[in-house]
Amino acid sequence: MMKTITRLHKAMMVLEYFTSHSWVWNTDNMAMLLAQMSPEDKKIFNFDVRQLHWAEYMENYCMGTKKYVLNEELSGLPAARKHLNKLRNIRYTFNTILVVFIWRIFIARSQMARNIWYFVVSLCFKFLSYFRASSTMR
């Protein structure tokens, strides 16, 4: 437990400077260079961040931080992902049971709530049928 707290404290100290200051980046020179490059150079020196796959970048960033800044092994990742999936499934199950429970208490017992529920559901069906019909007209 103490080892985990020490590692967490070390990570916070390393990142404190970067997370506690405001940063303003000027990209005028990069935009000018990108505008003056030929299409061939743009393929060779691809540094346009608009084409970056951000989900993959963030995953690589987190893995690099874990491995090189925190000096942790990556061998525990499959077990951690499996654990997160199990927690996600528990959350979905809990939320579903909660919604059913709330529905049974409020919607099933009150005529006004039941009428509102039917109105909202009918609007959703009309909305979906409109888009289904409009997508077949193309």
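So which residues in segment 81-94 are open to solvent by 80 Å² or more (accessible area, probe 1.4 Å) and not basic (K, R)?
To start, the set of residues in segment 81-94 that are open to solvent by 80 Å² or more (accessible area, probe 1.4 Å) comprises 81-84, 86-92, 94.
Correct list: H83, L84, L87, N89, I90, Y92, F94.
Please specify each residue of segment 37-69 satisfying the condition of being more than 30 Å from T6 (Cα to Cα) and either aliphatic (A, V, I, L, M) or open to solvent by less than 80 Å² (accessible area, probe 1.4 Å) (or both).
First, pick out the residues of segment 37-69 that are more than 30 Å from T6 (Cα to Cα): 37-54.
The answer is M37, S38, D41, I44, F47, D48, V49, L52.
Applying a threshold of 9 Å to beta carbon distances and a minimum spacing of six or more residues, or different chains, the list of pairs starting in segment 51-67 at a residue that is basic (K, R) and ending at one that is open to solvent by less than 70 Å² (accessible area, probe 1.4 Å) and part of a helix (DSSP H, G or I) reads K66/L77.
Please determine whether any residue of segment 70-80 is assigned to a loop (DSSP other than H, G, I, E, B), among the charged types (D, E, K, R), open to solvent by 100 Å² or more (accessible area, probe 1.4 Å) and farther than 30 Å from V120 by Cβ.
As a first pass, look at segment 70-80 and keep what is assigned to a loop (DSSP other than H, G, I, E, B): 70-76.
Cutting the leftovers down to among the charged types (D, E, K, R) gives us 72-73.
Those still in the list that are open to solvent by 100 Å² or more (accessible area, probe 1.4 Å) too: 73.
Then drop every residue that is not farther than 30 Å from V120 by Cβ, which leaves 73.
Yes, segment 70-80 contains at least one residue that is assigned to a loop (DSSP other than H, G, I, E, B), among the charged types (D, E, K, R), open to solvent by 100 Å² or more (accessible area, probe 1.4 Å) and farther than 30 Å from V120 by Cβ.
The values are calculated or read from the model by the stated rules, or taken from the named source; none is laboratory data. Remember, it's a predicted structure, so these values are computed and weren't measured experimentally. With ideal geometry, Cβ positions are generated from the backbone for all residues, glycine too; neighbour counts draw on all protein chains shown. For accessibility, only protein heavy atoms count, side chains too; no ligands or nucleic acids. Shrake-Rupley method; radii C 1.70, N 1.55, O 1.52, S 1.80 Å.
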